Structure formats: structure tokens, C-alpha cells
1. Given 0.36 nm per residue, what is the gain on full extension from Ser171 to Trp140 after removing their alpha carbon distance, in nm?
2. Extending each Cα 7 Å along its Cβ direction at Asp4 and Glu51, get the distance between those two points in nm, one decimal.
3. Loop-only check: which chymotrypsin sites (Phe, Trp or Tyr not before Pro) in the stretch 123-190 are DSSP coil with at most 12 other Cβ within 10 angstrom?
Amino acid sequence: MRVDPISWWSAEFNAVAPVGHALRNHLADRWTRFHSLPESKRYPEDVAEREELLKRHLAVAGELFEVGEAIFVYRCHLGERRLKGKQKHQIASRQLQEKMVRLPAELHAGEEDDYYCVRALMTSWVPDFFELLTRQVAEWEESGVTFVSLSTKNVYSPYDGGMDVFPMSISPRTLEAKFRSWMSVRGDKL
């Protein structure tokens, strides 16, 4: 049975946009964060740092998703991007469904673009697709990306500098214990 990712998200998470900082406000008890590079460095500068970044992202995501399981990939942008001609919205060379929903952008309320345009695709968890998309997010070529397991509801939101994680099938503390050295030294985990 084919499930519509936009409808599924709305049914599961109401009017919260599938983006890390918005989810953090609504799922605080399920949230944790890990950094992509040592000493909270934001952007990789060489091959070794790019490899470390991917190693960390794959390790954490590997705790949340099983290879081959059904996942949804969401992309949230403030305002709607206008495309020219017959172009379609894509993410890592995969076409997003044309259905789009607007969800409130709490941190930007009152501005002209005070909503997120959310598009999605349904796919299977395959690390090579994830690697490409993680690289794009890390290099700020893509943003507002969130992966969600259809079966466990585990949520993974990479950003340039790290990953906001909302595990539903395991305790956030379990992940924190396993990857403690990848966390911020700050008490608020940011």
C-alpha cells in the first residue's frame, strides 16, 4: 500500500514542520543532537573531515534505520521556490511529489514568508542516497531535510554542522551514551 508522506506527516505530527529546530520545540523529550566534526566544527575543509562527517552521520542514522526499510524524506523551505518551464522539485536527483503543504514557521512568524513549503518523497533507506544528501546539506547545497521511518517514526534531521535526532523506538539517552564524544559540551546540547 502506497502512503502519502505529506498526509502521513500531518496525521502524526500535526502542524509542526519536519525540520529540526521546529521539532525540537515540540519533541524536546525525544531530542538529541550530534556534531558532524570534532570541536563542533561546522564545515569540512578536506577529505579526512568529509570522511569523518559521513562516518558520524552514517553511524547515527544506522541506529535509527534498517537498510531497505520504507522512509519518507522531507524538504522544507521558507516560501515556495518558483521553477522555470517543466522543471520539477528534486532532492539529490530524485523527484519530490508535486503535492505540497504549508506549515507554520514559528521562528519566523510575522515575516512575509512565515510558513514552510514542505515537499516529500517515499523511498527505502539506502545509505548511498543518504551519503549524497548528507554531503549536500554539509556543504550548504541543500537544507531543511528530514528523514523519517514509516514503521518506527524515528526522525533524523541533518544540518550544516550536525544532526538533530528524535528517536522514537529507542531512548535518546541510549544514543547519547553511544556517541557522547560527538555531542556539545554545553548543557543545552546546542
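1. 8.2 nm is the gain from fully extending Ser171 to Trp140.
2. 4.6 nm
3. Taking the stretch 123-190 and a limit of 12 other Cβ atoms within 10 Å, the loop chymotrypsin sites (Phe, Trp or Tyr not before Pro) found are Trp140.
Every read-out reported here was derived from the displayed coordinates using simple, explicitly stated rules and does not represent laboratory data. None of the values given here were measured: they were computed from a predicted structure. Every residue, glycine as well, gets a Cβ built from its backbone with ideal geometry; the counts of neighbours run over all protein chains shown.
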